[in-house]
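Visitor: First the structure, then my questions, so here it is.
The values are calculated or read from the model by the stated rules, or taken from the named source; none is laboratory data. Note that the coordinates shown come from a computational prediction; the quantities given were computed from them, not determined experimentally. Note that each Cβ is placed from the backbone with ideal geometry, even for glycine, and that neighbours are counted across all protein chains shown. Ligands, DNA and RNA are excluded from the accessible area calculation, which covers all protein heavy atoms including side chains. Shrake-Rupley method; radii C 1.70, N 1.55, O 1.52, S 1.80 Å.
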Amino acid sequence: QVQLVESGGGLVQAGGSLRLSCAASGRTFMTYTMGWFCQAPGKEREFVAAISYSGFNTHYADSVKGRFTISRDNAVNTVYLQMNSLKREDTAVYYCAAWRTSYWSGSYSPDYWGQGTQVTVSS
């Protein structure tokens, strides 16, 4: 079992930036793929980004390509989501996620979830 705790959310103006962090604890030596999902009020949870254990392979939803960057630092068991050029429609709860594989298989069903952190983008 792995515990994932997000931080870094908050209120930002449209066009601004935030960096989300997700710290993993528990079985942190496992070579997990990590990623992010988001869920806006009244909408289904959506895939945002994923990164392989090595960090060499990244994947993004079309809506965030060119604006968001996922990265990780395995030395401190942390994955990040750098969010630039934020739009009002990015407002959502962002959830950290982990898959038990060392690469992202294309699955939208991760094995572990964080509790979420709120991102609110004002006009």
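Visitor: Sort through A61, A75, A92, A24 and tell me the only one that's free of Cβ contacts under 8 Å to residues at least 60 places away in the same chain and surrounded by 20 or more Cβ atoms within 10 Å (Cβ to Cβ).
Guide: Checking each option against the conditions leaves just A92.
Yes or no, residue by residue, for (1) of a type in the set (A, V, I, L, M); (2) out of contact with any Ser or Thr (no Cβ under 9 Å at 6 or more places or on another chain):
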position	(1), (2)
L11	yes, no
G15	no, no
R27	no, yes
P41	no, no
F47	no, yes
F56	no, yes
R72	no, no
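Visitor: Out of the stretch 97-123, which residues are touching a Leu at 6+ places or on another chain (Cβ under 8 Å), open to solvent by less than 80 Å² (accessible area, probe 1.4 Å), farther than 25 Å from S85 by Cβ and of a type in the set (A, V, I, L, M, F, W, C)?
Guide: Once the filter is applied, which keeps residues that are touching a Leu at 6+ places or on another chain (Cβ under 8 Å), open to solvent by less than 80 Å² (accessible area, probe 1.4 Å), farther than 25 Å from S85 by Cβ and of a type in the set (A, V, I, L, M, F, W, C), the stretch 97-123 yields only A98.
Visitor: Can I ask one more? Do we find a residue being closer than 14 Å to T120 by Cα, in a strand (DSSP E or B) and within 11 Å of the chain's Cα centre (by Cα) anywhere in the stretch 21-29?
Guide: no
Visitor: Of a type in the set (G, A, S) and over 15 Å from S7 (Cβ atoms), is that true of G66?
Guide: yes
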